[in-house]
Amino acid sequence: MTLRLGAGSGMKWRAALAGVAIACVPALAGAQVSLTTVVQMAERNSASVRLAEADVRKAEAGLSQSKDVLIPSVDFSSGLPVFPEVGFTGTPPSIWSATLQALIFGFPQKRYIRAAHLGVDAATENLRDAENQVALDASTAYIELDTVNQEFAAAKQQQEYASNLVEIEQKRTDAGVDPFSELLQAKLTAAQIDLNRVQLETRAQTLSKQLAGLTGLPDGSVKPDRASIPEVPQIGGDRPPLRDATGETSSELMAQSKQQLAKGDEELSYLPQLAFGAQYNRNTTLLNDVNSFFKHDLPANNFSSGISIRVPIFNMFNRAKARGSAADALRATVEAEEATRQHQVQIATLSGSLRELGAQEEIASLKQQIAQEDVKTVVTEMEVGNGAGVGPGAQPPPSPKAEELARIDERQKYQDALEAQLSLSKARLDLLRALGHMQDWLSELHSK
């Protein structure tokens, strides 16, 4: 979905892209913005994505720290005497010293390195999950805004038809053809259509603000480009969930990391470790009489090195730490199991809803097609007659009132069909997200 770069280069690219986005804002304000652009800007602007990226960098630093224990560390220290020394102090006076230390081998450290690796995998998976969620939110809001705009255009047409209907009904009522209740009914229809138009306008404004918050663009600057919206892949719940490269989710990876950490803390209480150390001291006789306490003068250069073997015998602190780590691992494991169960329930629920919404979308589409045919029939009968003749008992041809009512009904069925398509698209995207196939959708976006 996004090009994965190193922390330093990623920040540079993010700043460059943000600058380009800001520079393009005036142009975007008066033009359509593609769905691909909206998704990319939402990912760059998302706080959850940036937090997940920070977690990845922190996990990578933890992995480096666990490995760097095996790399020798060098410390340098120096000091000058302030007052003359009196008597034997127990340690040779030095003006500066250097120390080198490194862990050679330890079974617990292998556990810690493995735990850090799993932590990086978990953070990376969490970052991918955050990016997918932002892409889902941006795509859903964008598609819904485009749908609402189409509904709003249909509602404005409805208003024109309703205004014509009220005018026709007013004339029919004045002429005594229809009762006054028919005029009231026409006015009620017009009022309901006007209310629907206001609701759609409010909904569009809310979605516009939502997209502005996701992308960081000014409110109202995101104008959907319908041609940039690919068809949402038709996916069913029978499609197996996609696993990442390690085959686990973020919660499962984190549970495994906690388990490795707990085992490492446990082994620290009874397994030995090997370490290497070296030290150099530059001794001084400045402001001291240390040579008077030894047979030979204190040498200026002193160097020592060795390998130490640490064998734990009795350490209550390490044992308590191991118990705490084991409790953390148990908690993480239970949370991962619960997340897996909830995920399976979510997939089952979305799959059932998808089948139901698919049937509803088909019904709404058929109703809209029937309404279109009804309009054509009314218009045709008004132009050429209905073939019933002019004799007694013959059905009169449709009136202009019937035409306006048919057109109002067709526009309403059209809006209902758009809403049904929107609900179906949302459900498909939610299922794509739950199954881990959001990349399929994003690949369609990038191909646009």
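The values are calculated or read from the model by the stated rules, or taken from the named source; none is laboratory data. It should be emphasised that the depicted structure is a prediction, and the values quoted were computed from it without experimental measurement. When we count neighbours, we look across all protein chains shown, and the Cβ atoms used for this are built from the backbone with ideal geometry, even at glycine.
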Margin query: Given the condition in a loop (DSSP other than H, G, I, E, B) and of a type in the set (A, V, I, L, M, F, W, C), answer yes or no: does some residue in region 163-181 qualify?
Written below: yes
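Within region 85-95, is even one residue in a loop (DSSP other than H, G, I, E, B), more than 30 Å from residue 254 (Cα to Cα) and of a type in the set (A, V, I, L, M, F, W, C)?
Yes, that holds for at least one residue.
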Check: In region 99-154, what residues are aromatic (Phe, Trp, Tyr), more than 30 Å from residue 67 (Cβ to Cβ) and buried (at least 21 other Cβ atoms within 10 Å of the Cβ)?
Finding: 142
Next item on the list: May I ask you to verify whether residue 172 is of a type in the set (Lys, Arg) and within 52 Å of the chain's Cα centre (by Cα)?
Entry: no
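Filter region 72-98 down to residues that are exposed (fewer than 11 other Cβ atoms within 10 Å of the Cβ) and among the polar types (S, T, N, Q) and give me whichever is nearest to residue 329 (Cα to Cα). Reasoning before the result, please.
Residues of region 72-98 exposed (fewer than 11 other Cβ atoms within 10 Å of the Cβ): 74-78, 80, 82-84, 86-87, 90-91.
Next, only the ones that are among the polar types (S, T, N, Q) stay: 77-78, 91.
On the way: 77: 40, 78: 44, 91: 46 Å.
Filtering region 72-98 for residues that are exposed (fewer than 11 other Cβ atoms within 10 Å of the Cβ) and among the polar types (S, T, N, Q), the one nearest to residue 329 (Cα to Cα) comes out as 77.
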Item checked: Filtered residues of region 263-289 (kept if under 50 Å from the mean Cα position of the chain (by Cα), among the aromatic types (Phe, Trp, Tyr) and either crowded, with 16+ Cβ neighbours inside 10 Å or assigned to a strand (DSSP E or B) (or both)) -> 276
Check: Hey, residue 300 hits all of (1) in contact (Cβ under 8 Å) with a residue 60 or more places away in the chain; (2) among the aliphatic types (A, V, I, L, M); (3) surrounded by 12 or more Cβ atoms within 10 Å (Cβ to Cβ); (4) touching a strand residue (DSSP E or B) at 6+ places or on another chain (Cβ under 9 Å) but one; which does it fall short on?
Finding: (1)
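Does residue 71 satisfy the criteria of being hydrophobic (A, V, I, L, M, F, W, C), over 30 Å from residue 294 (Cβ atoms), touching a residue at least 12 places away in the same chain (Cβ under 8 Å) and not in a helix (DSSP H, G or I)? Spell out how you get there, then give the answer.
Values: hydrophobic (A, V, I, L, M, F, W, C): yes; over 30 Å from residue 294 (Cβ atoms): yes; touching a residue at least 12 places away in the same chain (Cβ under 8 Å): yes; not in a helix (DSSP H, G or I): yes.
Against the criterion (hydrophobic (A, V, I, L, M, F, W, C), over 30 Å from residue 294 (Cβ atoms), touching a residue at least 12 places away in the same chain (Cβ under 8 Å) and not in a helix (DSSP H, G or I)), residue 71 qualifies.
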Check: Here is a list of conditions, (1) farther than 20 Å from residue 409 by Cβ; (2) assigned to a helix (DSSP H, G or I), and residue 221 meets all of them except one; can you say which number that is?
Finding: (2)
Notebook entry, point to check: Among the residues of region 203-214, is there at least one that is surrounded by 15 or more Cβ atoms within 10 Å (Cβ to Cβ), at pLDDT below 90 and not acidic (Asp, Glu)?
Noted result: no
Notebook entry, point to check: Among (1) more than 29 Å from the chain's Cα centre (by Cα); (2) under 30 Å from residue 38 (Cβ atoms); (3) basic (Lys, Arg), which single condition is residue 187 missing?
Noted result: (2)
Notebook entry, point to check: If we scan region 140-160, do we find a residue that is touching a Lys or Arg at 6+ places or on another chain (Cβ under 9 Å) and under 27 Å from residue 328 (Cβ atoms)?
Noted result: no
Checklist line | Pairs where the first residue, in region 192-208, is more than 14 Å from residue 154 (Cα to Cα) and the second is surrounded by fewer than 14 Cβ atoms within 10 Å (Cβ to Cβ), C-beta under 7 Å, 6+ apart | finding: 208/219; 208/220
Margin query: Given the criteria surrounded by 14 or more Cβ atoms within 10 Å (Cβ to Cβ), polar (S, T, N, Q) and modelled with pLDDT under 95, does residue 189 qualify?
Written below: yes
